[in-house]
Each structure stands twice: as structure tokens, then as C-alpha cells.
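One structure is given here, and the rest of the page talks about it.
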Protein chains: 2
Amino acid sequence: MKPTGPLPPHFTAASDGQLVIGGMPVNELIAEAGGTPLFVYDNNIIGSQITRFRAAMPSGINLYYSVSANSCQELLQFIGRYVEGFRVVSVGEIERLQRAELAGIPMTFAGPGKGDSELEAAIRAGATISLESEGEAERAIAVALGLGVKPKLAVRVDPPFSIGDDGSECTVAPNPFGFDADEAPAVINGLIEADVDFRGMHIFTGSQWLDTDALIKVHHQTINLAGQIADAAGIRLPELNLGGGFGTPCLQGEWPLDIDRVAKALCDSLRDASDMLATTTLSIELGRWIVAESGVYITRVVDKKVSAGRTFLVTDGGGHHLIGATGPFGEPPRRNHPIAIANKFGAPVEEAVTVTGCLCTPFDVLGDDVGLPAAEPGDLVAIFCAGAYGLTASPQAWESRPLARELVV
Amino acid sequence: MKPTGPLPPHFTAASDGQLVIGGMPVNELIAEAGGTPLFVYDNNIIGSQITRFRAAMPSGINLYYSVSANSCQELLQFIGRYVEGFRVVSVGEIERLQRAELAGIPMTFAGPGKGDSELEAAIRAGATISLESEGEAERAIAVALGLGVKPKLAVRVDPPFSIGDDGSECTVAPNPFGFDADEAPAVINGLIEADVDFRGMHIFTGSQWLDTDALIKVHHQTINLAGQIADAAGIRLPELNLGGGFGTPCLQGEWPLDIDRVAKALCDSLRDASDMLATTTLSIELGRWIVAESGVYITRVVDKKVSAGRTFLVTDGGGHHLIGATGPFGEPPRRNHPIAIANKFGAPVEEAVTVTGCLCTPFDVLGDDVGLPAAEPGDLVAIFCAGAYGLTASPQAWESRPLARELVV
């Protein structure tokens, strides 16, 4: 049997063994949603993550939710009550916020390849645009002029450092994101001269950070870099967006970030920072860390069979809904997300099985050689840590299969 | 500069340098479709692939098109005129055929995890069901009994062999597809006793074969295995579905299959086969091989920038439409599909650039360090070999970006 990732600590079993999510047993959730495959998101888990963030971090920090992690409308509505704003990367994401009645909330709009129509939509929505290049800066200013609006513009800087898994510094490969650091002071001064609403800097270093020391080092270097650029430009930054990338443990051997230690080190770094940052509002944009643990993906066992001596549970779900759990179609090494039989939650392990989805590819594995209570067709499989980069990251049209249902509790 | 895959030989340039697809210059195609990103599929290329297949293969062979490769309705309508049937793996695919007015055409329905409602829809549609397990066989018979229909059932056998890239035999891992070969004779006799419309066997060995010798070996072994099973069962097989998996070269160093040699070896294998296969209809199911080269993905350059000394063209497309060209978000090693500046087609190489999509991930690379004519924002990038496993295999909801357009010419 192979190991699985750590089960998030938020879930219990009803007396009949049904997994309970947000106070409701899984069979009732399925009845309410109308069937499987089903994503259930528990708002309370999201709320408690945001509370943990607030409790740890210095007051006055802006928390932006990254819509790309999960853009389910009901989740956006809930999250909108507790964050300072949203991070969007497309007009589609702006429209999702508008449909969730969040049109007036602050937004930062990042991402390479913003077209003129996208810049126009973002400026109309009042978003702060993280500029990725000289050409984009010119076009944003021209679009705003046409609209008769002073655009909110920030300068995205591609950090010249990155921190590897072992805490050592790595060279950063060229990439389409932001300006090289040495160009940034001139770009900032150009924006000031163009009389835009200059909103500061955006420095995004990576994603899915789980190494607390590495993240602390990245924050420290980012604040230093921002200070150097602000000094060189001779400009006090209104805002410094540190990016995000706080990870969530989903796989065996992964451990949660120590958010309290991250926050304390951030305070230390800020105390030593350039005077040009003394009045700067700090912001952090988080997606996965806020929503990943809130989500459970529920599928139903359709078939049980033995192939070459190994037992398989074949379900009605798969990588077309949760590609992160199956592994991106062949990327080695695939590792197991936490998994359970959702109508026998907490029951003892009785057999080693491989749980697959229904797709016609050998890569559609939800649990490889995992220990579970005995299950038969009709039983339910739960995959945890399914709240972030599920449906939006998955090839939902693969094999023209039914879409997954979503339920917020 | 890094190499790219071989440019398919079907495309020419108009006198003004516009790439011509199906007789139309790319700027007119974009105008007709209403913009970029755009997939253009050329029916003539699909037709000539089917003609090549017919010319090479023994007469009487059934060709089934695998809908999963590309389920664009207009393509299905075109292909339906030239093939004996379709291979489907979901009710959604059956419905796509019905919408394309192909409801009456023969279908084979394969795939693990078929639910009762799927079995019912497939039996109603007259599909031949490739049975994947004992449990599925029982359920299919029960469903057909309920409908008062004699179901068309075939036995899918998981081959106990596979051929590696170097032509050597590999061990096959346990998987959810089909029956173990030693169970097959008893299963076949059970179906005959149950008085179903027994349709023979389905043996699928792999996909994206590009090694002619390996494919020949696989066909030979498959026919031997089918003969052994038919002998053991004492049953003449009505049909033997050899699966498909003919590959298309998309990457550097890949060469096309020698289909004539595959066909000749198939005839040899059939001549030596068990008498129980003497009256068997042979079928092959192909997706990628039929449609891959017909498709071109057209994106527009939105930004040109330099990062750490490297020049980037940022486009309005990306891996949310054609994940196979960008590499499944991080799977190493990513290699370049054939790529061109579509409004300067055939012009000399002037610069080395990295062409990216618009997604907020460093993996969204359409061409890594490729040599192209000089291009600026507004110019067009074409990615070739984009006709198979494009939209359906890609995370189209990623970052809530616009869907790609599709045009059949």
C-alpha cells in the first residue's frame, strides 16, 4: 500500500459512518445536489483560514483572494465579506465578481497578454492594473485617456531571485511576467510623469510554498528589492503587493506553512525596510491557501474488478474534474491526495485498492494502491484538498462527460 | 534556438505571406470566425488521411473514428460520410453524434465505469458495448432485458503484452480496462449462453504509436491472442476490434508511421491466424491519426517584451485551448510543436523568441526559443498539429478566459 496526503482535520463521521461536511452527512449533500460527481465546499473552513490569516498578520495588511483558485459564485460572495479585494487575471474573472454582486470591491488585475479590450474592461471596473511590460503601460494609458479616466497602475517586477526547496537561491529563468528589476525605477517615474494613479509595486515570486523558511526569505528579499527600487525612483510606494503562493499540504510528506512565523518575520523585515516603505500598505493575494481544504470531491463507485491481481474501484469521477489529484495526465511522480470511503468514514482499512476515474486513460487514477474499508459499487469515494484548482484547472470537456456539480455549505 | 516538430506538408502561403488553410488565407478565416484564438480544421486533410488508410489497408476493414480526439460537430458530420462507424466512450459523445444527425451509424462504446443510465443510452442507440468487467456484463444484460432488446456486446481484453519504444516487450501494469486474457473464453461463452448479440473482441494496446515495427508487432500479437481466445472458447469471432493508437508526428525527431507497411504486415498476420478468425471482420479505431494534422491553432500577438535578455511574444491563446502544445503544466520535457508567424508564412527566420500564451503560469509556452520571422503585436502565430486533443483535452475554464473559436473549411 502507498501513502496518501494528510487528511484535513475538519471532517467527522455521523453515527452511520457518513462523512459530515459543514454539518451535513454526505448522502444528504448528494441528494440536495442531485447526484455525483460533486464538489462540496465548506464556507466555515474558508472563514477559519481567513481568521487565522488575520490573527497572525500585522493589522492593516490587505488580503486579496485570487479568483483563479476557485471562481464558484457562491464562494466569491462569501469571501467578498472578509477580504479587502480580489486578484483577477481576465475579464471573465471580473465578470464573475460582477455577477456575484462584488462589482465595487477593489481588484488587482495581473497577467501577461492583456488586450486593449481587457484593459478597458479592467479600468472601467476600477481595477488596479499590474503592468507587465512597456507596451502594456503605453496601451493602458492610451485606453484610460480614451475613457477619460485616471487609471490605477502598479508596476509588476519580475524578482531576480527565487528560493529552491532546500532554501538556497536559484537563478530565475526569463519569463513573460513583469519588468526586470533594473528597469523598474524608470518605469515608475514615467508613470508618475504621465499623471496616472500610481498604486505601487507587485512582486510575485512563486506558488504552492510549503517551506516556511523559504517563504520568509522570499518575503525578506522582496521587501528589500521593493525598497531599493523605491529608493532609486525616489518615490514612496502607496502599496506593495507581495504576491501570494502560500501552499496547502495535499500529498504525503507535506506539512502546513507556519503562518505565525511567516507573519512575525514579515514584521521584522518591514521594521528594517527602506523609509520609502514606511507608509506603504502591504498586500498579499491568496487562492489555494484559503480554499483548498474547504473542498471535497465526491464520486460514486460504479465498478469493482480485479486486473492482473490488483483490485480496482472504478468511479464516475476523474481527472476531467480534479486533474490535480490524478496528476496532469502522466506527470511523474503521481502521489495520492487524502482519500476515504465517504459512507464508511473512519472505518478500519480492509483492503488495498486502486481507485480510478471513468476516463479512457491509464493516468486517471484518484488513489493508487491505497488502504480503504471494503467498498462496492454504489459506495462513495471522497478526495480531500479539492477546493482549489479543481474544475477550472481540469479538462472538463474531455470525452464529453457530464459536468461536476458544486455545492457550498 | 531549439528545434520544433515537423511542419505538416499541407500548407502554403498566399503572395502576401498569409498562411493558406483549405484554400483561404488566415486573415479571412479570422474575419469569418470573428477573431482569435481560433482553431481551423481543413476537411481535405482529413479526407486524404482516410483515403490513405483505405488505399493501404485490406478491403473489408472497418474504420471507426474516435470521437474523443475531436468532437466538433461539423467534423463529425464530414467524417461520418467516410467511416463505418464511431468509437464513443460516454453518453455525451453519443449525443454529439445524434446532434450531428449520425444517430443511426454503428458505434462502439468502450470505457471503464459505465453506469446503468449510460448502458441504457448506449443500448438504445444501438451501440456495440465493449464490456470492461464481469459486473458491467451483468448490468448490461439486465438493462437490455429491461428494455426488451438483445444487446450488442463485445468483450474487451486487456492484452498481457505491450511493446516499448525500443521494440522490446514490456510487462503490462494492472489497469481498469477489460478482462484478463485468461478469463476471456469463459466470459465469451457466458455471453453466448445469455443469448446476447455477441459482437466479438476489442483489444486496445496503446496510443500515439509512431514506431512502425512496434505497431506491426502489436498487431501480430493481438491477432494471435484473439485467435487463442477464440480457439479456447470454440467460437468464431464476428468482429475483432484492434483498437487504434496510430500516432502523428508533432515533435522534433518524430516520423510518421509507415501505414503501407503496417497494412502489409496485418495481411500477413491474418493469413497465419486461427481458423476461428477466418470470417472475422477486422476493425481499427482512429482519432488522432485522422484529425491531428488537419488542425491549426491561430493566436494573435498581444505583447512583445524582453525579460532577462530573452525576447517574448505574448499571445491571446495558450494551454487552456491546446494543452498538448504547452505541455501538461510542467511535465518534462516540453518540446515544441511546429509553429509559424501566420501572416509571414514561409518568410526567413529573423529572431529567436519564446512564444507564450496569456495564462499566469510559466508553463504556458507555445514555442520555446524558436526561430521565426520578426513579429510584433497584431501579428499572428500558428501552431500546427492542433486538430486532435485540443479543446477537449485542455482546461478551458482556466482563469475564466474566452473560449476558442472553431472553423471547419
Got a sec? Which of A:310, A:300, A:334 is closer than 23 Å to residue A:20 by Cα, surrounded by fewer than 24 Cβ atoms within 10 Å (Cβ to Cβ) and not aromatic (Phe, Trp, Tyr)? A:300
Of the conditions (1) modelled with pLDDT of 95 or more; (2) in contact with a Leu (Cβ under 6 Å, 6 or more places away or on another chain), residue A:209 fails just one. Which one is it? (1)
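Only one of these is away from every other protein chain (no Cβ under 14 Å) and closer than 30 Å to residue A:228 by Cα: A:283, A:294. Name it.
Criteria check complete, one pass: A:283.
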Is there a residue being touching a residue at least 40 places away in the same chain (Cβ under 8 Å) and crowded, with 24+ Cβ neighbours inside 10 Å anywhere in segment A:115-124? no
Give the residue, chosen from A:386, A:374, A:340, A:382, that is surrounded by fewer than 18 Cβ atoms within 10 Å (Cβ to Cβ) and away from every other protein chain (no Cβ under 12 Å). A:374
In segment B:14-47, anything over 30 Å from residue B:286 (Cβ atoms), open to solvent by 30 Å² or more (accessible area, probe 1.4 Å) and not in a helix (DSSP H, G or I) is listed as B:14, B:15, B:16, B:34
Please indicate, with yes or no, whether at least one residue in segment A:59-72 is open to solvent by 50 Å² or more (accessible area, probe 1.4 Å) and hydrophobic (A, V, I, L, M, F, W, C). no
Looking at (1) part of a helix (DSSP H, G or I); (2) within 11 Å of another protein chain (Cβ to nearest Cβ); (3) β-branched (Val, Ile, Thr), find the lone condition where residue A:172 falls short. (1)
Residue A:77: away from chain B (no Cβ under 11 Å), over 30 Å from residue A:267 (Cβ atoms) and assigned to a helix (DSSP H, G or I), yes or no? yes
Read through the list (1) at pLDDT below 95; (2) within 14 Å of another protein chain (Cβ to nearest Cβ), then give the number of the only condition that residue A:256 fails. (2)
Residue A:353 fails exactly one of the following numbered conditions: (1) within 12 Å of chain B (Cβ to nearest Cβ); (2) open to solvent by 10 Å² or more (accessible area, probe 1.4 Å); (3) assigned to a strand (DSSP E or B). What is the number of that condition? (2)
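Working carefully through the options B:386, B:340, find the one that is in the same structural domain as residue B:306 (by TED's automatic domain parsing), at pLDDT 95 or above and part of a strand (DSSP E or B). Spell out the reasoning first.
Numbers: B:386 fails: part of a strand (DSSP E or B).
The unique qualifying residue is B:340.
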Name the one entry in A:263, A:325 that is within 18 Å of the chain's Cα centre (by Cα) and of a type outside the set (Lys, Arg). A:325
Taking the residues in segment A:155-169 that are surrounded by fewer than 16 Cβ atoms within 10 Å (Cβ to Cβ) and in a loop (DSSP other than H, G, I, E, B) as candidates, determine which candidate is modelled with the highest pLDDT. A:160
I'd like the full set of residues that are of a type in the set (Gly, Ala, Ser) and either within 9 Å of another protein chain (Cβ to nearest Cβ) or touching a Ser or Thr at 6+ places or on another chain (Cβ under 7 Å) (or both), limited to segment A:389-406. A:393, A:394, A:397, A:400
I need the full set of residues from segment A:191-230 which are assigned to a helix (DSSP H, G or I) and closer than 16 Å to residue A:130 by Cβ, in order please. A:191, A:222, A:225, A:226, A:229
In segment B:188-232, which residues are among the small types (Gly, Ala, Ser) and either open to solvent by 10 Å² or more (accessible area, probe 1.4 Å) or under 20 Å from residue B:109 (Cβ atoms) (or both)? B:190, B:194, B:200, B:206, B:207, B:226, B:232
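The values are calculated or read from the model by the stated rules, or taken from the named source; none is laboratory data. All of these numbers come straight from a predicted model, not from anything done at the bench. Note: ideal-geometry Cβ built from the backbone for every residue, glycine included; neighbour counts use all protein chains shown. Please note that ligands, DNA and RNA were not included when accessible areas were found on the heavy atoms of the full protein model with its side chains. Shrake-Rupley method; radii C 1.70, N 1.55, O 1.52, S 1.80 Å.
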